[in-house]
Amino acid sequence: MKITRQLRLDALAADGTVPIQLTITWEGNRLRVGTGAVVKPEHWDEKQHQVKVLKGTPHETINPRLNRAAEAASNAQAAATRQGRRLPKEELKAAVEAALSLEPVAEAAPAPTEAIGFDALFRRWIPEHSRRPRTGTGKALSAKAVAGLEATRARFAQYAQARGLPLRFEGLDLAFYQDFRTYFLDELGQSLNTFGKHIDRLKSFLAWVEDELDLPVHRHYRKFVAPRQRGRVDALTEDELRRIAALNFRDAATRARLLELRGQVRAQDNRREEWSAERWMEHVELSRDKLLECCYTGLRISDANRAAWKHVNGQMLVLEGSAKNGVTVYIPFYDDDLFTPVALANRYEHRSPHDLLVPDCYRANEFLRVVQQLCGITRLKLTTKIGRKTFVTLKLYQGVSARLIMQATGHQTEEAFNHYVGIDQLRLLEEFMRKSARRRAA
């Protein structure tokens, strides 16, 4: 699902304001929803797709509303996916409009601060925290990061409702921490890493309550641990990446195998694709190329879907404002023996909407299952997310320093970067043996 926000410049009002519109694309569908919010064009941040966080702009009321709508759309899609069905346009529209109709939370406290509850203060904290310049970039939080804060607030509200008790700052002790951990991990079955993110955000919020509002907070909150669990990192090996890139979709044997796989998919899928066989095969090839773009550049799929020729400067791809953390990334844009981003993009030059390096590919991960069967790869599941991890892993094996790779991926800490490093066991063994042989010879 892709959610964008744009101004209806064709509907300029007499007071100089224009309506804000949401455009949502998913599973080949498109929905445009009027948000009911208006803003002056000069107050709109084109990069962040939100009202500029400046004094005199209505960012405090409009941005949270837009974030709620985006979160509602994502939740509706996730719920439909879990139930194994397609999300109808009417259902999505109803979810988004319901989120937009919620009354925004006023930031001016009508009563003494001490009388305001946990949830109300959390709502007040989010916009304040969001507009503070981030260390390193000096920019405000991205829309995705703000949505994460909203998700944490909602999760603690759900916890309070489930327990039937209001959250009180003086009661947030280690017993609360253990009970919330039990609720989140055992009762809801959520992941340890997501639990850690919620705890990190909670601690930041409580520090603000204590330092900025001078309210008493139980001192145990400083001992709350935000755990991180590093699982196995799935990244393609050199051989697997070459096998995927070498697929020839014009080869007669490959096309015959594709038609066979299409028959299997149609037999298993109740949706019954309306595409012709030729168009279906073209989309499988596009999904392969979208994966290669992520492998060759290290871009997240959200950023790969906006990377265009206008971002290419000589042998460098410079993309400002990455979707997750808003940093600018500097990616090598030249071909070598393994990474061939230029040759890949040249195949689509002047044929891609908005002059993208590789066109947007809807349901890419679904079609990558077909690519996986074509290549005979069974060790892991092909997804676009693997592309970023493959870029990091294979660039390290090429001898590029971690610090340089981090400039290409936008990682700001080595801890975060290390979560993307996979292991090519054969290559690792070869490197150990090569270095050992060199040492014996010396």
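The values are calculated or read from the model by the stated rules, or taken from the named source; none is laboratory data. Computed from a predicted model, the values in this text were never measured in an experiment. Glycine also receives a Cβ, built like all others from the backbone with ideal geometry; neighbour counts cover every protein chain displayed.
Out of N75, N67, I need the residue that is of a type in the set (S, T, N, Q) and crowded, with 19+ Cβ neighbours inside 10 Å. Which one? First the steps, then the outcome.
Working: N75 fails: crowded, with 19+ Cβ neighbours inside 10 Å.
On inspection, the qualifying residue turns out to be N67.
Contact map, the range 364-393: residues that are at positive phi paired with residues that are surrounded by fewer than 17 Cβ atoms within 10 Å (Cβ to Cβ) and of a type outside the set (F, W, Y), Cβ distance under 9 Å, separation 6+ or inter-chain. Pairs shown: G376/R243.
The residue that is surrounded by the fewest Cβ atoms within 10 Å (Cβ to Cβ), among those in the range 32-64 that are touching a residue at least 24 places away in the same chain (Cβ under 8 Å) and under 20 Å from the mean Cα position of the chain (by Cα), is K47. Against the numbered list (1) assigned to a helix (DSSP H, G or I); (2) more than 20 Å from the chain's Cα centre (by Cα); (3) surrounded by 14 or more Cβ atoms within 10 Å (Cβ to Cβ), L167 comes up short only at (1). Checked against the criterion of being within 31 Å of the chain's Cα centre (by Cα), at pLDDT below 95 and not hydroxyl-bearing (S, T, Y), the range 213-220 contains not a single residue that satisfies it.
Residues of the range 1-31 that are buried (at least 17 other Cβ atoms within 10 Å of the Cβ), in contact with a Phe, Trp or Tyr (Cβ under 9 Å, 6 or more places away or on another chain) and part of a loop (DSSP other than H, G, I, E, B): M1 alone.
Is it the case that some residue within the range 239-250 is surrounded by fewer than 16 Cβ atoms within 10 Å (Cβ to Cβ), at pLDDT below 90 and under 17 Å from Q373 (Cβ atoms)? Checked the range 239-250: no residue is surrounded by fewer than 16 Cβ atoms within 10 Å (Cβ to Cβ), at pLDDT below 90 and under 17 Å from Q373 (Cβ atoms).
Do we have any residue at all in the range 419-442 that's part of a helix (DSSP H, G or I), assigned by TED's automatic domain parsing to the domain that holds N305, of a type outside the set (S, T, N, Q) and modelled with pLDDT of 85 or more? Checking the range 419-442: not a single residue is part of a helix (DSSP H, G or I), assigned by TED's automatic domain parsing to the domain that holds N305, of a type outside the set (S, T, N, Q) and modelled with pLDDT of 85 or more.
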